[in-house]
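Student: Sharing a structure below in structure tokens format, with a few things to ask.
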Amino acid sequence: QAQLVESGGGLVRAGGSLRLSCAAAGRTASSYSMGWFRQAPGQEREFVATINWSGGTTRYADSVKGRFTISRDNAKNTVYLQMNSLKPEDTAVYYCAAGNYGASYASGYAYWGQGTQVTVSS
């Protein structure tokens, strides 16, 4: 089964950047579409971005378009989320997930990481 571990979260100033990583273990991990979701305090988990198994197609939430970039390196079984021009409203726990079709909703993913905290100060 896929095992996912996020890293790279932390505290950053508004306008700054962070790069999140999600390492996926398992011999079939590279065949999955991958997604990033986030959950702010008191809020529901929301879609951020998704990338297909080959890395050729990506999709983003409107709130992060032009600022965030999802990518993957299948040789390293790792997916990334480059976050630029961060805003305080980006503050959330960020989760990576693995699924079959790169859905834009959480129920479309079968495997989830533990999450990594991103805090953006004003």
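The values are calculated or read from the model by the stated rules, or taken from the named source; none is laboratory data. The structure displayed is predicted, hence computed values, not measured ones. Here the Cβ is made from the backbone with ideal geometry for all residues, glycine too, and neighbour counts use every protein chain on show. What goes into the accessible areas is simple: the full protein's heavy atoms, side chains included, and nothing from ligands, DNA or RNA. Shrake-Rupley method; radii C 1.70, N 1.55, O 1.52, S 1.80 Å.
Student: Evaluate the range 90-112: report whether one residue or more is assigned to a strand (DSSP E or B), hydroxyl-bearing (S, T, Y) and modelled with pLDDT under 95.
Tutor: Narrowing the range 90-112 to residues assigned to a strand (DSSP E or B): 92-99, 109-112.
After this cut, where a residue has to be hydroxyl-bearing (S, T, Y) as well, the list is 94-95, 109, 111.
Narrowing further to those that are modelled with pLDDT under 95: 109, 111.
Yes, because at least one residue in the range 90-112 is assigned to a strand (DSSP E or B), hydroxyl-bearing (S, T, Y) and modelled with pLDDT under 95.
Student: Does E44 meet the test of being of a type outside the set (V, I, T) and in a loop (DSSP other than H, G, I, E, B)?
Tutor: Numbers: of a type outside the set (V, I, T): yes; in a loop (DSSP other than H, G, I, E, B): yes.
Judged against the criteria, E44 is a match.
Student: Hey, another quick one. Under the condition of being hydroxyl-bearing (S, T, Y) and farther than 22 Å from A23 by Cβ, which residue from the range 61-100 is surrounded by the most Cβ atoms within 10 Å (Cβ to Cβ)?
Tutor: From the range 61-100, those hydroxyl-bearing (S, T, Y) are 63, 69, 71, 78, 80, 85, 91, 94-95; that's our starting set.
After this cut, where a residue has to be farther than 22 Å from A23 by Cβ as well, the list is 63, 85, 91.
On the way: S63: 14, S85: 13, T91: 17.
Taking the candidates together, the pick is T91.
Student: Another question, then. G16: touching a residue at least 60 places away in the same chain (Cβ under 8 Å) and farther than 15 Å from G113 by Cβ, yes or no?
Tutor: Numbers: touching a residue at least 60 places away in the same chain (Cβ under 8 Å): yes; farther than 15 Å from G113 by Cβ: yes.
Yes: the conditions hold for G16.
Student: Sticking with this one: Out of everything in the range 66-82 that is aliphatic (A, V, I, L, M) and within 10 Å of the chain's Cα centre (by Cα), what residue ends up being modelled with the lowest pLDDT? Let's see the steps before the verdict.
Tutor: Step one: of the range 66-82, the residues aliphatic (A, V, I, L, M) are 70, 75, 79, 81.
Next cut, within 10 Å of the chain's Cα centre (by Cα) only: 70, 79, 81.
Details: I70: 97, V79: 94, L81: 98.
Out of the qualifying residues, it is V79.
Student: Within the range 47-70, count every residue that is part of a strand (DSSP E or B), of a type outside the set (A, V, I, L, M) and more than 18 Å from Q3 (Cα to Cα). Break it down into steps so the answer makes sense when it comes.
Tutor: Pass one, the range 47-70, residues part of a strand (DSSP E or B): 47-51, 58-60, 68-70.
Those still in the list that are of a type outside the set (A, V, I, L, M) too: 47, 50, 58-60, 68-69.
After this cut, where a residue has to be more than 18 Å from Q3 (Cα to Cα) as well, the list is 47, 58-60, 68-69.
Residues flagged as part of a strand (DSSP E or B), of a type outside the set (A, V, I, L, M) and more than 18 Å from Q3 (Cα to Cα) within the range 47-70 amount to 6.
Student: Quickly run through the range 74-119 and pick out the residues that are touching a residue at least 60 places away in the same chain (Cβ under 8 Å), touching a strand residue (DSSP E or B) at 6+ places or on another chain (Cβ under 8 Å) and on the phi > 0 side of the Ramachandran plot.
Tutor: Listed by number, the residues that qualify are G102, G115.
Student: Let me ask something else. Among the listed residues L11, L4, identify the single one that is touching a residue at least 12 places away in the same chain (Cβ under 8 Å) and either part of a loop (DSSP other than H, G, I, E, B) or open to solvent by 30 Å² or more (accessible area, probe 1.4 Å) (or both). So that I can check it myself, show each step before the final result.
Tutor: Details: L4 fails: either part of a loop (DSSP other than H, G, I, E, B) or open to solvent by 30 Å² or more (accessible area, probe 1.4 Å) (or both).
On inspection, the qualifying residue turns out to be L11.
Student: Looking at this structure, is T119 β-branched (V, I, T), in a strand (DSSP E or B) and farther than 15 Å from G9 by Cβ? Walk me through it before giving the result.
Tutor: Numbers: β-branched (V, I, T): yes; in a strand (DSSP E or B): yes; farther than 15 Å from G9 by Cβ: no.
The answer is no for T119.
Student: Something else: If you check S17, S31, S54, which single one turns out to be surrounded by fewer than 15 Cβ atoms within 10 Å (Cβ to Cβ), more than 16 Å from N74 (Cβ to Cβ), polar (S, T, N, Q) and more than 12 Å from the chain's Cα centre (by Cα)? Outline the logic, then answer.
Tutor: Numbers: S31 fails: more than 16 Å from N74 (Cβ to Cβ); S54 fails: more than 16 Å from N74 (Cβ to Cβ).
The conditions single out S17.
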